[in-house]
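Note sheet for the following structure.
The values are calculated or read from the model by the stated rules, or taken from the named source; none is laboratory data. Because the structure is a prediction, the values reported are computed rather than measured. We place every Cβ from the backbone using ideal geometry, glycine too, and count neighbours over all the protein chains shown. Side chains included, ligands, DNA and RNA excluded: accessible areas come from the protein's heavy atoms. Shrake-Rupley method; radii C 1.70, N 1.55, O 1.52, S 1.80 Å.
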Amino acid sequence: MAAPKWKIRHLTRQLTFPEASDIILKSRMKELKKTITAFFTEESAENLHLVRIAFRRLRYSMELFYGFYDRKKFKRFYDSIAHLQNASGNVRDNYILQKSIALIEHDANNPAAEAFIIQIADKEKQLTEELKQELAVFLKSPEFKDFMHLVK
């Protein structure tokens, strides 16, 4: 049986809180990088959803450990995470809106909704491309590298 998705390797009761923070944040960062790479390999709604989850897990874990790291570097990285979590949410929201309207159009046999669906699909493509560019820049950013060095 596979380990639970929330389980973090090497986390034990014997660790101090600062030691645990390094392990948790490093684990969350590796998972984020892995899910972004999977999204680049296969651009799908499911992979986008996994990217959003990875951002959320890292962001909320970071909030617990703010006091253990260089505040300036931490804040820069945190702001990047928050921005990308929101950007990925915008793409996902657009995707869900598109699917919901398509269902309404199908159920109501309303051809007028088709033009709206096309506009939403175009917007989704634009937002997805912008997000992919931002994610690529993020993975190579000084904020990402600096924070990886902060969590030993």
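The residue 145 and residue 61 beta-carbon pair, evaluated with R₀ = 22 Å, returns a calculated FRET efficiency of approximately 0.70.
Note on residue 71 and residue 37: their simple-model spin labels are 3.5 nm apart, each label 7 Å out from Cα toward Cβ. For residue 26, a cut-off of 18 angstrom between C-alpha atoms picks up these lysines, skipping any fewer than 8 places away in its own chain: 5, 7, 34, 73, 75, 140, 145, 152. State the percentage of accessible surface on the chain attributable to carbon and sulfur atoms; use a 1.4 Å probe and exclude ligands, DNA and RNA. Of the solvent-accessible surface of the chain, carbon and sulfur hold 56 percent. In this structure the chain gives 64 Å² per residue of accessible area when probed at 1.4 Å with all protein chains present. Modelled spin labels at residue 19 and residue 102, positioned 7 Å past Cα toward Cβ, are 5.1 nm from each other. The angle separating the long axis of helix 45-64 from the principal Cα axis of greatest extent in the chain is about 30 degrees.
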